[in-house]
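The values are calculated or read from the model by the stated rules, or taken from the named source; none is laboratory data. Since the model is a prediction, treat every value here as computed from it, not as a measurement. Note: ideal-geometry Cβ built from the backbone for every residue, glycine included; neighbour counts use all protein chains shown. Side chains are part of the model used for accessible areas, which takes the heavy atoms of the whole protein and leaves out ligands, DNA and RNA. Shrake-Rupley method; radii C 1.70, N 1.55, O 1.52, S 1.80 Å.
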Amino acid sequence: MGRGAANDAACVIKKLLNEKDDVNIIFAAAPSQNEFLEALMLDNDIEWGRINAFHMDEYIGLPADAPQGFGNFLKERIFDRVPFKSITYLNGNATDIEEECIRYTKLLKDNPVDIVCMGIGENGHIAFNDPHVAFFNDDKWVKVVDLDLKCRNQQVHDGCFANLDAVPTHALTLTIPALLSAEHIFCVVPAITKAEAVKNTVNGPITEQCPASILRNHENAVLYVDKDSGKYIL
C-alpha cells in the first residue's frame, strides 16, 4: 500500500515539476505514513530541490526536542533525508500562538498547495480536525484546537506516548479548507484500528462528524487502504 501510494504520488510530483518551477507539498506526521515516506524517497527521479515542504499539524507545548513532535517526526523520516528547496515548520511553542497561525496561513496562501499527503484518524479526523472542531467551511486556514479523547488515545495506541496523561490537550492544525485547497490529495490509511473510520469516510454521510468524508467532494483525492483498514469496504 505504501509503495503503491508513493508510486502514484511520485508520478504526480514529476508531472507538476514538468509544468512549473516548484511544487508545494504538505506532509502528515504519523506512523501510518512510514512506508509511504520511505518508498517516496527511493524515487531518484524526483527533483527535491524544487519542492517546498510544509507540515499540517503540531502539538502545543511539547519540549522542542520531543520525539513525539510532528515536526521532529518529519525531520527524522524525510525532511533531513532529501534536499528540499525549503521546509517550513509549524511552531507549537511560539510565544504568540495566534500570530503563528497568521504567519503559517500567509505562507500557505503565498505558496498555493499542490499536494497533500495525509492519513485519517480513528475518529475520522484529517490533520487535527476532530469532529467537534471540524468545519467544512472554516474561515481559518490554521487554528488552535483542543483534542478529543479518541484522538488522544490514538496517540497512545500508536505508541507515540506512554499514557494518556502524557498526550497534549491542544494543537495547531491546518483546517479542512486549507487541506482541500490542494490540487491533489494522497490519503494513506493502514491498520485495523482505522477500519471504522474508513467505512464512514467511504460509505457514510458527508458530515463533519466524520471529517474525512469531505474528501469525497475533492476531484483528485485518492484513498489507499490495506486489507485491515478496508475490511468493511473491500
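Below, the figures for the structure above:
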{"read-out": "Subset tally (residues that are open to solvent by 20 Å² or more (accessible area, probe 1.4 Å) and touching a residue at least 60 places away in the same chain (Cβ under 8 Å)) for region 33-45", "value": "1"}
{"read-out": "Selected residue [β-branched (V, I, T) and more than 21 Å from V23 (Cβ to Cβ)] from I78, I97, I115", "value": "I97"}
{"read-out": "Residue in region 2-11 that is of a type outside the set (D, E), farther than 29 Å from K143 by Cα, touching a residue at least 40 places away in the same chain (Cβ under 8 Å) and in contact with a strand residue (DSSP E or B) (Cβ under 7 Å, 6 or more places away or on another chain) present", "value": "yes"}
{"read-out": "Flag for F84 being touching a Cys at 6+ places or on another chain (Cβ under 9 Å) and either free of Cβ contacts under 8 Å to residues at least 24 places away in the same chain or aromatic (F, W, Y) (or both)", "value": "no"}
{"read-out": "Residue match in region 146-161 (condition: at pLDDT 95 or above and either farther than 20 Å from S32 by Cβ or open to solvent by less than 10 Å² (accessible area, probe 1.4 Å) (or both))", "value": "yes"}
{"read-out": "Which numbered condition P112 misses (of (1) open to solvent by 10 Å² or more (accessible area, probe 1.4 Å); (2) without any contact (Cβ under 8 Å) to a residue 40 or more places away in the chain)", "value": "(2)"}
{"read-out": "The one condition in (1) within 29 Å of D45 (Cβ to Cβ); (2) of a type in the set (A, V, I, L, M, F, W, C); (3) surrounded by fewer than 19 Cβ atoms within 10 Å (Cβ to Cβ) that M118 fails to fulfil", "value": "(3)"}
{"read-out": "Selection count, region 23-32, where residues are more than 16 Å from I87 (Cα to Cα) and either in a helix (DSSP H, G or I) or open to solvent by less than 10 Å² (accessible area, probe 1.4 Å) (or both)", "value": "2"}
